[in-house]
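Participant: Got a structure for you, written out below as structure tokens; questions coming shortly.
The values are calculated or read from the model by the stated rules, or taken from the named source; none is laboratory data. Everything numeric in this text was worked out from a predicted model, so none of it was measured. Cβ coordinates were reconstructed from backbone atoms using ideal geometry, including for glycine residues, and neighbour counts include every protein chain displayed. Each accessible area value is taken on the protein alone, full model and side chains, heavy atoms only, with ligands, DNA and RNA left out. Shrake-Rupley method; radii C 1.70, N 1.55, O 1.52, S 1.80 Å.
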Amino acid sequence: MDLIVPIVLIVLALFGAPLFAVIAASALWGFYRSTDEGAWELLQIVPVEVYRIAEMPILLAIPLFTFAGYLLSESGAPRRLVRLSNALLGWLPGGLSVVALAACAFFTAFTGASGVTIIALGAILYPALQQAKYDDNFSLGLITTSGSLGLLFAPSLPLILYGIVAEVSIDQLFLAGIFPGLVMLLMLSLYSFWHNRHLRSSNRFSWREVVAAVNEAKWEIPLPIIVLGGIYSGYFAVSEAAAVTAVYVLVIDLFVLREVRLSQLPQIVRESMLLVGGILIILGVSLASTNYMIDAEIPSRLFEFVSQKIDSPLTFLLLLNIFLLVLGAILDIFSAIVLVVPLILPVAMGFDIHPVHLGIIFLANMQLGYVTPPVGLNLFIASYRFDESIMKIYASTLPFLLILLLSVLIITYWPTLSLALL
Amino acid sequence: MSSSLLKRLEQVSRLTENAVLILLLLSMIVLAAGQIILRNVFDTGIIWTDELLRILVLWLGLAGAVVASRDRRHIKIDVLSRFLNDSWQRIAGVVTCVFTAFVCALVAWHAGVFVSGTFQFGDTVMGGAPAWIFQSILPIGFGLIAYRYLVYGLATLLGKELG
């Protein structure tokens, strides 16, 4: 039974059982087996652990930021963001592709890489790229990759979730993500310039257009300042910044710009809270499964095992990269964080890897997972959204995947990049 | 039962879900923003707000999970079922639904035991409110998810498409 049950659970997961149910089942089974005759009353630990969701003040940030992000994506914000980046960067040769990268990164930071970026911004950027004679494969790959690009920038949901699970300061994680995120952005931009060096942009730089675009986006521009400025001036806690963002976006979109109608609100709330519910229930049940694993001393046994085989932190990081790449291709980022971070954090700390740096490594690898065949989420969303075969999406994304891989290696082996601002 | 009545029921419960989500989210936004205003403008605050906000997160999370169950949009891996033919796909669908329903029912049952425990001991939250009321979302939420997956399992078994 000790072998059969885990195997059955894995098979069920691979055939499409919801992950939260699989995790809950493994926790229930673990507690039940903790005495020889079967400990029925210990199963109560599972709902009690789920109730711990109500004991983590920082979680408040998740529904509030998610709602704000979904609301933004329904408004004219994506269009204004593209216009503004285009005014600033569009005059460069290959500039529109960099516009796409920058706009997507900014937008994903607020919407948490749940596929919203591809749908909201792709609809504007893909036709624009086609019109400007960018080749089709490049455009598809660019949009597909950009959909998860802002993951390392505040206030992205995965950063917050890692902070909660690893119990490290979210303020520090927000700072740590800046340089690694910029490295990814820079490397992809350089590739885009190089690939499109023959394309002369028809846009000329115009101050008049910059002023007009800034003026049009004047309600969105303060958002990053409110979030980051508020947090780092010590004025707001992260969850308070989330509350302010939600109120601000709600008032602007509903009453000032009037781009979202009141009748659209139920659907926006439903869609965003559906995502939040999906994440929180996985977090809740994995609190229980982690509790079981710690009772069974699995993390410390794992560390003993690993430290017998590996003696240098560099080898550990290399294996970690490979492990996370495989993990990211199978599991979505949220489940991966809540399930795997409690296991590898003690091991990584044993190898003197800073928990904040580990977080950045973890998320950077997971970001690759979004575009790794065969099951990367962005690949499916792009295939569905642009009505192209999944094979074509795989092929078009490949060069971007390789560049991201290189940037992930840089981020992994150069800790200063993550830790310089702390 | 006629199918139009069933459809009506579906519509009503969908609207109820939306209403609950909106109510919870709006209370959360108002409370969280209110607390910031009170602190910064009036240099005061309501003591129980922070605790209530945390409980609201739990409620919103579980309500969202119930909604995700209806729309069958829970996070899953599902790499193998696409290689199955139709009838095997249906079998896989029935098995995973029944499994999910069973697990959630088990959690709901133990959540019920947990809540009746705090009811008997008279535990309180927010300086006096009975804790069991706020905890009751656990058996309710998991119970509703179990029900959803049981219905889907049965519908798949009978070969019916649901909304």
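Participant: Determine whether A:V214 is open to solvent by 30 Å² or more (accessible area, probe 1.4 Å), within 14 Å of chain B (Cβ to nearest Cβ) and modelled with pLDDT of 90 or more.
Facilitator: Taking the combined requirement at face value, the residue does not satisfy it.
Participant: Now, a different point. Just name the residue that is farthest from A:L280 (Cα to Cα) out of those in the stretch B:34-45 that are of a type in the set (V, I, T) and within 11 Å of another protein chain (Cβ to nearest Cβ). Break it down into steps so the answer makes sense when it comes.
Facilitator: Going residue by residue through the stretch B:34-45, those that are of a type in the set (V, I, T) are B:36-37, B:41, B:44.
So of that shortlist, the ones also within 11 Å of another protein chain (Cβ to nearest Cβ) come out as B:36-37.
Values: B:I36: 25, B:I37: 28 Å.
Filtering first and then ranking leaves B:I37.
Participant: Return the total of residues in the stretch A:387-413 being closer than 17 Å to A:S148 by Cα and not polar (S, T, N, Q).
Facilitator: So the answer is 13.
Participant: Among the residues of the stretch B:135-162 satisfying the criterion of being open to solvent by 40 Å² or more (accessible area, probe 1.4 Å) and over 18 Å from B:R90 (Cβ atoms), which is farthest from the other protein chains (Cβ to nearest Cβ)?
Facilitator: B:Y147
Participant: Please count how many residues of the stretch B:20-33 are at the interface with another protein chain (Cβ under 9 Å from one of its Cβ atoms), open to solvent by 10 Å² or more (accessible area, probe 1.4 Å) and touching a residue at least 12 places away in the same chain (Cβ under 8 Å).
Facilitator: Total satisfying the criteria: 2.
Participant: For the stretch A:1-27, name all the residues that are open to solvent by 30 Å² or more (accessible area, probe 1.4 Å) and within 24 Å of the chain's Cα centre (by Cα).
Facilitator: If the condition is that a residue be open to solvent by 30 Å² or more (accessible area, probe 1.4 Å) and within 24 Å of the chain's Cα centre (by Cα), then A:L14 is the only one that fits.
Participant: In contact (Cβ under 8 Å) with a residue 40 or more places away in the chain, of a type in the set (A, V, I, L, M) and touching a Lys or Arg at 6+ places or on another chain (Cβ under 7 Å): is that true of A:A212 in this structure? If you could, list the steps in order and put the result at the bottom.
Facilitator: Details: in contact (Cβ under 8 Å) with a residue 40 or more places away in the chain: yes; of a type in the set (A, V, I, L, M): yes; touching a Lys or Arg at 6+ places or on another chain (Cβ under 7 Å): no.
Criteria not met by A:A212.
Participant: Okay, moving on. Among (1) hydroxyl-bearing (S, T, Y); (2) open to solvent by less than 10 Å² (accessible area, probe 1.4 Å); (3) over 20 Å from A:I381 (Cβ atoms), where does A:T108 come up short?
Facilitator: For A:T108, the failing item is (3).
Participant: Next question. What number of residues within the stretch A:22-45 satisfy the criterion of being touching a Phe, Trp or Tyr at 6+ places or on another chain (Cβ under 7 Å) and touching a residue at least 40 places away in the same chain (Cβ under 8 Å)?
Facilitator: Number satisfying all stated conditions: 4.
Participant: For the stretch A:226-244, does any single residue satisfy the condition of being free of Cβ contacts under 8 Å to residues at least 24 places away in the same chain and of a type in the set (D, E)?
Facilitator: yes
Participant: Do we find that B:F83 is facing chain A (nearest Cβ under 9 Å) and of a type outside the set (D, E, K, R) in this structure?
Facilitator: No; evaluated as a whole, the condition is false for this residue.
Participant: Within the stretch A:285-306, does at least one residue satisfy the condition of being touching a residue at least 12 places away in the same chain (Cβ under 8 Å) and assigned to a loop (DSSP other than H, G, I, E, B)? Give the steps one after another, and end with the answer.
Facilitator: We begin by selecting, within the stretch A:285-306, every residue touching a residue at least 12 places away in the same chain (Cβ under 8 Å); these are A:285-296, A:298-300, A:302-303, A:306.
Filter once more, so that each one left must be assigned to a loop (DSSP other than H, G, I, E, B): A:296.
Yes, the conditions are met somewhere in the stretch A:285-306.
Participant: Inspect all residues belonging to the stretch B:46-55 and state whether any of them is facing chain A (nearest Cβ under 9 Å), open to solvent by less than 20 Å² (accessible area, probe 1.4 Å) and farther than 18 Å from A:A61 by Cα. Outline the logic, then answer.
Facilitator: Going residue by residue through the stretch B:46-55, those that are facing chain A (nearest Cβ under 9 Å) are B:50-51, B:53-55.
Going one step further and asking which of them are open to solvent by less than 20 Å² (accessible area, probe 1.4 Å), we end up with B:53, B:55.
Still in the list and also farther than 18 Å from A:A61 by Cα: none.
Checking the stretch B:46-55: not a single residue is facing chain A (nearest Cβ under 9 Å), open to solvent by less than 20 Å² (accessible area, probe 1.4 Å) and farther than 18 Å from A:A61 by Cα.
Participant: Starting from the stretch B:39-61, keep only residues that are without any contact (Cβ under 8 Å) to a residue 12 or more places away in the chain, then list their pairs with residues that are of a type in the set (S, T, Y) and loosely packed, with under 15 Cβ neighbours inside 10 Å whose Cβ atoms are within a distance under 6 Å, requiring at least 6 positions of separation or different chains.
Facilitator: none
Participant: Of all residues in the stretch A:122-155, which are touching a helix residue (DSSP H, G or I) at 6+ places or on another chain (Cβ under 7 Å), outside any helix (DSSP H, G or I) and touching a residue at least 60 places away in the same chain (Cβ under 8 Å)?
Facilitator: A:A132, A:Y134, A:G147, A:S148, A:A154, A:P155
Participant: Right, next: Here are A:L250, A:L265, A:L228, A:L275: which of them is open to solvent by 10 Å² or more (accessible area, probe 1.4 Å), more than 12 Å from every other protein chain (Cβ to nearest Cβ) and in a helix (DSSP H, G or I)?
Facilitator: Checking each option against the conditions leaves just A:L228.
Participant: Residues of the stretch A:286-336 being modelled with pLDDT under 85 and under 30 Å from A:L43 (Cβ atoms), which ones?
Facilitator: Answer for the stretch A:286-336, where residues must be modelled with pLDDT under 85 and under 30 Å from A:L43 (Cβ atoms): A:I330, A:L331, A:D332.
Participant: Sticking with this structure for a sec: Could you list, in sequence order, all residues of the stretch A:64-103 that are over 26 Å from A:L275 (Cα atoms), open to solvent by less than 10 Å² (accessible area, probe 1.4 Å) and polar (S, T, N, Q)?
Facilitator: The answer is A:S97, and nothing else.
Participant: A further question follows. Identify all residues within the stretch B:1-49 that are of a type in the set (D, E) and more than 26 Å from A:A243 (Cβ to Cβ); write none if there are none.
Facilitator: Passing the criteria: only B:E10.
Participant: I want to confirm something. Restricting to the stretch A:321-351 and keeping residues that are aromatic (F, W, Y) and assigned to a helix (DSSP H, G or I), which single residue is surrounded by the most Cβ atoms within 10 Å (Cβ to Cβ)?
Facilitator: A:F334
Participant: When you look at B:L144, is it modelled with pLDDT of 95 or more, in a helix (DSSP H, G or I) and more than 16 Å from A:F20 (Cα to Cα), yes or no?
Facilitator: Criteria not met by B:L144.
Participant: Further question on the same structure: Please count how many residues of the stretch B:56-76 are facing another protein chain (nearest Cβ under 7 Å), open to solvent by 30 Å² or more (accessible area, probe 1.4 Å) and part of a loop (DSSP other than H, G, I, E, B).
Facilitator: 3
Participant: Condition first: within 8 Å of another protein chain (Cβ to nearest Cβ), in a helix (DSSP H, G or I) and touching a residue at least 24 places away in the same chain (Cβ under 8 Å). Now tell me which residues in the stretch A:52-81 satisfy that.
Facilitator: Listed by number, the residues that qualify are A:I53, A:P57, A:L59, A:L60, A:I62, A:P63, A:L64, A:F67.
Participant: Now for a separate question. A:G38 versus (1) open to solvent by 50 Å² or more (accessible area, probe 1.4 Å); (2) more than 10 Å from chain B (Cβ to nearest Cβ): which is the lone unmet condition?
Facilitator: (1)
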